[in-house]
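Heads up: the structure comes next, in structure tokens.
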Amino acid sequence: MQSDRIFGLVATVLALAYIVSANQTQISFLTDPVGPKGFPILIGIIWAISAMFMVLRPDPQPEWPGLRTFGALAFAVLILIGYAYALKPLGFLLPTAVAAGVLSYQISPNPKHAALTGIGLSGVLFLIFKYALGLGLVAVPKWLLG
Amino acid sequence: MDILANLALGFSIALSPYTLMLAVIGCFLGTIIGALPGLGPSNGVAILIPLTFALGLDATSALVLMTAVYYGAMYGGRISSILLNIPGDEPALMTTLDGYPMAKAGRAGDALVLSGVASFVGAFLATLGLIFLAPLLARVAFLFGPAEYFALYLLAFCTLGGMASNNQAKAAIASCIGLAIAMIGVDESSGLPRLTGGNLHLYDGVDFLVAIVGLFAITEVFFFIESHGKHSSLGVKLDKVSIPWKDIIVCRWVMLRCSVVGFIAGVLPGAGASLGSFMAYMSEKSIAGEKGGFGTGVAKGIAAPEAGNNAAAGGALVPMLTLGVPGSGTTAVLLALLMTLNITPGPTLFTENPEVVWGLIASLLIANFVLLVMNVPMVKIFVRVLQVPPWVLMPGVTMISFVGIYSLSGSYFDLLLMVGFGVLGYIMRKLDIPTVPVILGILLGGHMETALRRAMLLSDGDWTYLFSSPISIGLWVAAVAGFVAPMFLRNILKKPQRVTD
């Protein structure tokens, strides 16, 4: 109940924001009857209507995980965001080993397995990507090697 | 005779040693991907697309490789359905209903071989159907103007939303989110940016591959973290594998009937493989009646959904190739592949790039035989794959997704977007909001808008033009019916729930 209502409410607000933002689209002097605004606004309206339906007629509450699992999920998201930022400046091997290790630990809390997974995956995947697929990955950046 | 000449052209491409090798590799990889718990056809194919792109294959080769993976994953999906009770994707759910009980009763090998044969029959007949139906539909598709295309896209969203989800409003939200995302970026006809919020990274729009990999692969990782990979231990023993001739012969008509049902369901735009396996299973269940024992692990209950599912997968290629409208989540991913390779599906594909279409069809026929050979005697090899523990598999999937998306543009922004889609996918799946319409929206949004704007340009802004031809009226009626009818049928046609231990 509550979850659907909250999601529906957030979706309605987003849809309205989308309509406003679509309405601010610049229009060039060469334009067709619909123009660049028409279709996005139409979508925004349908979006808002169906989101309102979710608020008014919500489904039963889904089974949400406990607070601890939520913490673990939030941490996983942070790790993935950090990985996205680290991939370029720190090279492939180091961030991959850390990120893969942490994710592995989160799925099954066994430090030894997790460490081996991290190191193994980063090494094996690097070899596959670099030599079998020919992607231009940097193993370790120069500045780290001194 | 046209068909024979076209097939000859196709086989001349598909039988070249290089293409043949790609098809075999694709089948092998596909079966493994399908069998891995937590990786189904859609997310498996999705994470491979950016990597195929990086390999620099030409369009035909890439297409042959990836469709072989697609067919292979459909075959492989049954392995985790039967042995682990984990469907790789939605259509495979029906196979667990009888497959898992049969495996628990000590007949795991029989169940695997029988489902492999049923998959072969379904996929083979559907490929034949594709050969005959696709050129016909391509000819009809030439009659489609912008108004008809707009109605057709709408039909795809309506049937997908109506059939595949439990709540119409939620399916509509998902479609709108997808379409709304597709609008972001520079508007094609005016050249001005739209809805970017001034963010330069968004000027090129949101790449559909980023969304697909995020919604399918990254979301799955979050689910594994939530469940700690608990549901994936192998509880069933597989001893020796022999061919259960008796069961296969008993099921021969079931397989044929279900192939036809599945193929028809697959051809409907937007309905796809889930509907195919569902209708196949339910119709056989009602034919067999109470005494049939469906749900307790009977042979027919395995043959029916597998034949239906694979026939639907083949049937879904008909609207995908001729009209550019995918019939299921996985075909949406294949459409993404075509668009990445700069091939525009549609009737012109058949006249302008016959070598692509017919080479693909010939490879599908070959892939099918390869898969039968791989999946019956060699099934034990693939069963080994199930023993890959989730704490190695899921980090591996994540890293492959990151590198694949990173190799597309080399920008961290796409990676962040992908994580964002992963979170969105988690929330949506928790709330029982389907994610496939989001992908369909991102894929088709641009085309849908273009069709609408062209139609309005032709009619000078007269809205009634959208309903002015018999074809478009038919499509509108079908769209409304496809969206509304399931609301009333839901009580009658209750989806069977997963069997639990």
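The values are calculated or read from the model by the stated rules, or taken from the named source; none is laboratory data. Please read all numbers here as calculations on a predicted model, not as lab measurements. Neighbour counts run over all protein chains shown; Cβ positions are idealised from the backbone, glycine included. The protein model used for the area step is the full one, side chains on, heavy atoms only, and it has no ligands, DNA or RNA in it. Shrake-Rupley method; radii C 1.70, N 1.55, O 1.52, S 1.80 Å.
Taking R0 as 51 Å, what's the FRET efficiency between B:Ser411 and B:Lys246 from their Cβ-Cβ distance, rounded to 0.05?
On the way: r = 58 Å, r/R0 = 1.14.
The computed FRET efficiency comes out at 0.30.
Using a ≥ b ≥ c from the Cα gyration tensor of region A:67-145 (square roots of the eigenvalues), is it rounded, prolate or oblate, where a/c under 1.5 gives rounded and otherwise the larger of a/b and b/c decides, a/b for prolate?
prolate
Arranged from highest to lowest average of other beta-carbon atoms within 10 Å per residue, in what order do the peptides B:407-418, B:46-57 appear?
With the highest mean Cβ count within 10 Å placed first, the list reads B:46-57, B:407-418.
Enumerate the amide H contacts of B:Val186 below 5 Å, restricted to partners 5 or more residues apart or on another chain; note that Pro and chain-start residues carry no placed amide H.
B:Arg194, B:Gly205
So, taking all protein chains as they sit and a 1.4 Å probe, how much accessible area belongs to A:Thr117, in Å² rounded to tens?
Roll a 1.4 Å probe over it and A:Thr117 shows about 10 Å².
I'd like to compare B:15-23, A:132-140, B:76-84: which one has the highest average count of other Cβ atoms within 10 Å, and what's the full order after that?
Working: B:15-23: 16.4, A:132-140: 13.7, B:76-84: 29.7.
Packing order, densest peptide first, comes out as B:76-84, B:15-23, A:132-140.
How do the peptides B:384-394, B:304-314, B:431-441 rank, highest first, by the average count of neighbouring beta carbon atoms within 10 Å per residue?
Per-residue mean Cβ counts within 10 Å order the peptides as B:304-314, B:431-441, B:384-394.
Using 0.36 nm times the number of residues separating B:Ala8 and B:Phe488, minus their current alpha carbon distance, what extension gain do you get? Write down the numbers at each step before the final one.
Details: separation 480, 0.36 × 480 = 172.80 nm, distance 4.77 nm.
Between B:Ala8 and B:Phe488, full extension yields 168.0 nm more.
To the nearest whole number, what is the average tally of beta carbon atoms from other chains within 10 Å of the beta carbons of peptide B:219-226?
5
Once you have a ≥ b ≥ c as the square roots of the Cα gyration tensor eigenvalues for chain B, tell me rounded if a/c is under 1.5, and otherwise prolate or oblate according to whether a/b is larger than b/c.
Working: a/c = 1.43, a/b = 1.33, b/c = 1.08.
Rounded shape, in that the Cα axes give a/c under 1.5.
Please list, in order along region B:322-335, the HN-Hα scalar couplings obtained from phi with the Karplus expression 6.51 cos²θ - 1.76 cosθ + 1.60 (θ = phi - 60°), rounded to whole Hz, x for Gly and Pro.
Calculated HN-Hα couplings, in order: 8, 10, x, 10, x, x, 7, x, 5, 5, 4, 5, 5, 4 Hz.
Would you mind getting me the FRET efficiency between B:Phe132 and A:Ile6? Use the beta-carbon distance for r and R0 = 60 Å, nearest 0.05.
Numbers: r = 51 Å, r/R0 = 0.84.
Rounded to the nearest 0.05, the efficiency is 0.75.
For region A:67-145, with all protein chains present and a 1.4 Å probe, just round the carbon and sulfur fraction of the accessible area to a whole percent.
Summing carbon and sulfur atoms, their accessible area is 75 percent of the total for region A:67-145.
What average number of partner chain Cβ atoms lie no more than 10 Å from the Cβ of the residues making up B:208-215?
0
Rounded, prolate or oblate for region A:2-56? Axes are the square roots of the Cα gyration tensor eigenvalues, ordered a ≥ b ≥ c, and the cut-off for rounded is a/c under 1.5.
Prolate, because a/c is 1.5 or more and a/b exceeds b/c.
Which whole-Hz ³J(HN,Hα) couplings does region B:444-452 yield from phi under the Karplus relation 6.51 cos²θ - 1.76 cosθ + 1.60, θ = phi - 60°, glycine and proline marked x?
9, x, x, 5, 5, 5, 4, 4, 4
Roughly how much accessible area, to the nearest 100 Å², goes out of reach of solvent when B and A pair up, both sides summed, probe 1.4 Å?
Details: alone 20330 and 10890 Å², together 25850 Å².
Chain pair B/A: roughly 5400 Å² of buried accessible area.
So, counting K/R as plus one and D/E as minus one, what does the shell of residues with Cβ under 12 Å around B:Ile287 add up to? Show your work: numbers first, answer last.
Values: positive: B:Arg257, B:Lys285, B:Lys291, B:Lys300; negative: B:Glu284, B:Glu290.
In short, +2.
Taking chain B as the reference, fit the longest principal axis to its C-alpha atoms, fit the long axis of helix B:17-35 to the helix C-alpha atoms, and give the angle between the two in degrees, 0 to 90, nearest 10.
Helix B:17-35 sits roughly 70 degrees off the main axis of chain B.
Compute the long axis of helix B:470-489 from its Cα atoms, compare it with the longest principal axis of the Cα atoms of chain B, and write down the angle in degrees, 0 to 90, nearest 10.
The helix B:470-489 is inclined about 50 degrees to chain B.
Could you work out the Rg to Rh ratio of chain A, with Rh taken as the Kirkwood radius (inverse of the mean 1/r over all Cα pairs)?
Across chain A, the Cα-based Rg/Rh ratio is 1.18.
Could you pull out every whole DSSP H run in chain A that spans at least 30 Å of Cα extent along its own axis and averages 1.6 or higher on the Kyte-Doolittle scale?
Numbers: long enough: A:2-23 (31 Å, 1.09); A:35-56 (33 Å, 1.70).
Both cut-offs are met by A:35-56.
What whole-number distance in Å separates the alpha-carbon centres of region B:252-269 and region B:130-158?
Comparing the Cα centres of region B:252-269 and region B:130-158, I get a distance of 20 Å.
Mind jotting down the distance between the C-alpha centroids of region A:35-95 and region B:423-474, whole Å?
About 22 Å separates the Cα centre of region B:423-474 from the one of region A:35-95.
Averaging sequence separations of C-alpha pairs under 8 Å and six or more residues apart, then dividing by the length of chain B, give the relative contact order as a whole percent.
For chain B, the relative contact order is 29 percent.
Please compute the length gained on full extension between B:Leu20 and B:Thr464, using 0.36 nm multiplied by the number of residues separating them and subtracting their Cα-Cα distance.
154.8 nm
If you average the sequence gap of Cα pairs under 8 Å that are 6 or more apart and divide by the length of region B:280-326, what percent do you get for the contact order? Mind showing how you got there, number by number?
Working: 23 pairs, mean separation 14.1, N = 47.
RCO, region B:280-326: 30 percent.
Express the accessible area of chain A per residue in Å², computed with a 1.4 Å probe while the remaining protein chains stay in the model.
Accessible area per residue: 56 Å².
What is the angle, in °, between the Cα long axis of helix B:252-267 and the longest principal axis of the Cα atoms in chain B? Nearest 10 is fine, range 0 to 90.
Taking Cα atoms only, the helix is inclined about 20 degrees.
Restricting to Cα pairs below 8 Å that are 6+ residues apart, what does the relative contact order work out to for region A:9-146? Please round to a whole percent. Write down the numbers at each step before the final one.
Working: 107 pairs, mean separation 25.1, N = 138.
Value for region A:9-146: 18 percent.
As a quick test, which of the pairs A:Lys37/B:Lys170; B:Lys170/B:Lys380; B:Lys104/B:Lys170 have an alpha carbon distance above 30 angstrom in this structure?
Pairs exceeding 30 Å: B:Lys170/B:Lys380; B:Lys104/B:Lys170.
Debye sum, Cα scatterers, the protein assembly as shown, no solvent: what log₁₀ I/I(0) at q = 0.07, 0.08, 0.09 1/Å?
Log-scaled intensity ratios, in q order: -0.42, -0.56, -0.72.
Would you work out which of A:Val55, A:Ile45, A:Gly123 lies farthest towards the positive end of the dipole of chain A? Charges go on Cβ: Lys and Arg +1, Asp and Glu -1.
About the Cα centre, the residue reaching furthest to the positive side is A:Gly123.
Residue by residue through A:72-84, how many Cβ atoms from other chains fall within 10 Å of the Cβ on average?
Taking all residues of A:72-84 together, the mean is 5.
Per DSSP H run of n ≥ 4, the term is -39500 (n - 2.57); total these for the protein assembly as shown, divide by its residue number, and report the mean residue ellipticity at 222 nm rounded to 500 deg cm²/dmol.
Details: 29 runs with 459 residues, N = 647.
The per-residue figure over the protein assembly as shown is -23500 deg cm²/dmol.
Through the Karplus equation 6.51 cos²θ - 1.76 cosθ + 1.60, θ set to phi - 60°, convert the phi angles of region B:41-52 into ³J(HN,Hα) values in whole Hz; use x for Gly and Pro.
Going residue by residue, I get x, 5, 6, x, 5, 4, 6, 7, 4, x, 5, 4 Hz, with x marking Gly and Pro.
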